[in-house]
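Asks: Got a structure here, written out as structure tokens. Questions coming.
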Amino acid sequence: MDAKPVVTLVDDAAALAETAALAIVDAATEAVAAGRRFSFVLAGGGTPRDTYARLAAPPFSERMPWDRTSVFFGDERCVPPDHPESNYHMANETLLSKVPIPLDGIFRMRGEAENPEEAAVDYARTLSTVFATPRGGLPRFDFVLLGMGLDGHTASLFPGSPAVKEIFRTVVAVHAAAATIPQRLTLTMPPINAAARIMFLVAGAEKAKVVKAILRDGATLPAGVVRPTNGALTWLVDRAAAGLLSPDDIGHR
Ligand code: 6PG
């Protein structure tokens, strides 16, 4: 059954980072207590920076089971990992280089690959291996962080892109003409929606219109199509991004 999204309102970007970091630590603690590694998909862009910085500092850094955590990426720009626009670069600068996560617990998308299509196939193969999924099966991530662009894109699934409707491949290469770095690798909807927990991080008044379009008006933009088939979905929005929502739009929907 598709879970209904929970819309959680926080005061500002700092509160959003704190709330997200706590949710991640709680999910990690729960996974490890259940005898599993914690599988965590990082979002790119700018909004998650503060959350990663909170995770990299006490008390959260001390509570996270880093040796039992596997980190994946929701998408990656097709640039080298040390490029300022690389999502890996941002995550490494703010989090991964600051915590004792074993290198074999970090599964990077190879944005530097000459052939993005091959890099997408490689990453899909990695997911199949790590999750030991049968052919055609899906990984079940414990926690997927997502951001949302002003056009309602999420990961690198952009409005009108065939990738939004991809149902067979778990990872694809896309060319998003409107994006700062057009060539990208991205998870598709099936592995995202197969996750146990999905959390959108959305902050800033510039996002208020698209937040209303999706959460109030039901726009089926890519971020609005994210709906876990058997998991929990939380939209964590700050007051500025929730500026066009009504009180009825907040909480359990
Ligand atoms: C990327 C992200 C993308 C991002 C949104 C929001 O690679 O750019 O995966 O989906 O989450 O564009 O970005 P901001 O958080 O910077 O607004």
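Laboratory data are not the source of any read-out in this text; all were calculated from the coordinates shown. Computed from a prediction, not measured in an experiment: that's the story for all the values here. Note that we place each Cβ from the backbone using ideal geometry, even for glycine, and neighbour counts take in every protein chain shown.
Asks: Does the stretch 209-218 hold any residues that are out of contact with any strand residue (DSSP E or B) (no Cβ under 9 Å at 6 or more places or on another chain) and within 15 Å of V7 (Cβ to Cβ), and which are they?
Replies: K212, A213, R216, D217, G218
Asks: For a quick check of your reading: which strands (runs of 3 or more DSSP E) sit entirely within the stretch 117-235 and have at least 1 residues that are away from the ligand (no atom under 12 Å from the Cβ)?
Replies: It comes to 143-146, 171-175, 197-202.
Asks: Residue under question is A203, and the condition is that it be under 16 Å from V10 (Cβ atoms), of a type outside the set (D, E, K, R) and touching a helix residue (DSSP H, G or I) at 6+ places or on another chain (Cβ under 6 Å); does it hold?
Replies: Considered against the rule, which asks whether it is under 16 Å from V10 (Cβ atoms), of a type outside the set (D, E, K, R) and touching a helix residue (DSSP H, G or I) at 6+ places or on another chain (Cβ under 6 Å), A203 comes out as yes.
Asks: Which residues, counting only those in the stretch 150-160, are surrounded by fewer than 21 Cβ atoms within 10 Å (Cβ to Cβ) and in contact (Cβ under 8 Å) with a residue 60 or more places away in the chain?
Replies: L150, D151, P159
Asks: Of (1) away from the ligand (no atom under 11 Å from the Cβ); (2) over 17 Å from D142 (Cα atoms), R77 satisfies all except one. Which?
Replies: Against the list (1) away from the ligand (no atom under 11 Å from the Cβ); (2) over 17 Å from D142 (Cα atoms), R77 comes up short only on (1).
Asks: Here's another thing I want to ask about it. Is at least one residue of the stretch 57-75 closer than 20 Å to V10 by Cβ and small (G, A, S)?
Replies: Yes, some residue in the stretch 57-75 is closer than 20 Å to V10 by Cβ and small (G, A, S).
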